[in-house]
1. Run the simple label-point estimate for A:HIS10 and A:LYS78 please: 7 Å along Cα→C-beta, distance reported in nm.
2. Calculate the dipole size of the protein assembly as shown relative to its Cα centre from +1 charges on Lys and Arg beta carbons and -1 charges on Asp and Glu beta carbons; express the result in debye to the nearest 20.
3. What percent does the relative contact order of segment B:10-119 come to when contacts are Cα pairs within less than 8 Å and at least six residues apart?
4. I'd like the Karplus ³J(HN,Hα) series for segment A:44-51: coefficients 6.51, -1.76, 1.60, θ = phi - 60°, whole numbers in Hz, and an x wherever there's a Gly or Pro.
5. With unit charges on the beta carbon (Lys/Arg positive, Asp/Glu negative), name the residue among A:VAL4, A:MET15, A:TYR50 whose Cα is farthest towards the positive pole of the charge dipole of chain A.
6. Taking amide hydrogens as modeled 1.01 Å from N in the peptide plane, which residues meet the under 5 Å criterion relative to A:THR5, leaving out close sequence neighbours?
7. Give the relative contact order (percent, whole number) for chain A; include only Cα pairs under 8 Å separated by 6+ residues.
8. Hey, with R₀ at 22 Å, roughly what FRET efficiency would A:VAL115 and A:ASP62 work out to, going by the Cβ-Cβ distance, to 0.05?
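Each reported figure results from applying straightforward, stated rules to the coordinates on display, with no laboratory input. On a predicted model such as this, the values are computed, not experimentally measured, just so you know. No Cβ is skipped: glycine too gets one built from the backbone with ideal geometry, and neighbour counts run over all protein chains shown.
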Amino acid sequence: EPEVTQTPSHQVTQMGQEVILRCVPISNHLYFYWYRQILGQKVEFLVSFYNNEISEKSEIFDDQFSVERPDGSNFTLKIRSTKLEDSAMYFCASSARGTGVVEAFFGQGTRLTVV
Amino acid sequence: AQKITQTQPGMFVQEKEAVTLDCTYDTSDPSYGLFWYKQPSSGEMIFLIYQGSYDQQNATEGRYSLNFQKARKSANLVISASQLGDSAMYFCAMREGRWGSGNTGKLIFGQGTTLQVKP
């Protein structure tokens with residue numbers, strides 16, 4: 001069964017450093033998303049990406065964040081200068097578009113710890 | 001105002017019994033979809049079941065069913081014959097609007113309910 005793959009599964013970084021979280025969405029999907037979940041809290045939408053551009057972003061997704069689909073298969077989230085409060089689980093998701101369920105398939109997540 | 005509300009932070013159920021996890025939602029859009037995801041302690045998000053706003057019948061998927069009461073704006077998840085492996089966090093989520101009409105398909109999540117199944 002096709003799946004969304006995220007790497008790394010866990011990343012520890014020093015405050016102020018840049019991190020790149022990587023995702024390989026399901027190959028025939030067109031819509032890509034990043035969500036984050038601070039430990040024990042709800043899952044929050046960060047950004048959606050379609051047709052090689054950001055289609056929507058939340059207020060969390062400020063200038064420190066950026067996304068890219070560099071080569072048609074990978075989808076990355078970059079945090080330019082990490083803060084302690086960026087520590088969270090980051091989920092990548094992808095969806096196909098069409099009739100029917102059209103659920104978002106989630107990757108297994110990257111746990112980011114900023115120290 | 002919260003778009004998705006899950007009022008039960010934690011629930012216990014005896015193995016083999018049924019359990020209902022509550023979810024209410026708030027939207028003025030006539031077209032929307034409601035989803036339930038399971039998050040075990042390992043952290044991944046597993047899709048369980050979907051209900052579209054125009055669906056006439058309640059969705060069912062194996063031991064999972066969705067009790068959709070549109071007028072009350074509720075979409076409760078019913079798990080029948082609970083198993084120990086059902087112990088996890090459960091999230092209700094909503095997607096508003098039709099695809100393509102400026103809607104990006106993002107999901108709005110509730111706070112989650114932790115379910116523990118007792119042997």
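1. 2.7 nm
2. Here the size comes out at about 260 debye.
3. Numbers: 248 pairs, mean separation 40.0, N = 110.
Contact order relative to length: 36 percent.
4. 10, 6, 9, 7, 10, 9, 8, 6
5. Final value for the positive-end residue is A:MET15.
6. The list, which skips near neighbours in sequence, is A:VAL24.
7. Working: 277 pairs, mean separation 43.7, N = 115.
38 percent.
8. Computed FRET efficiency for A:VAL115 and A:ASP62 comes out at 0.55.
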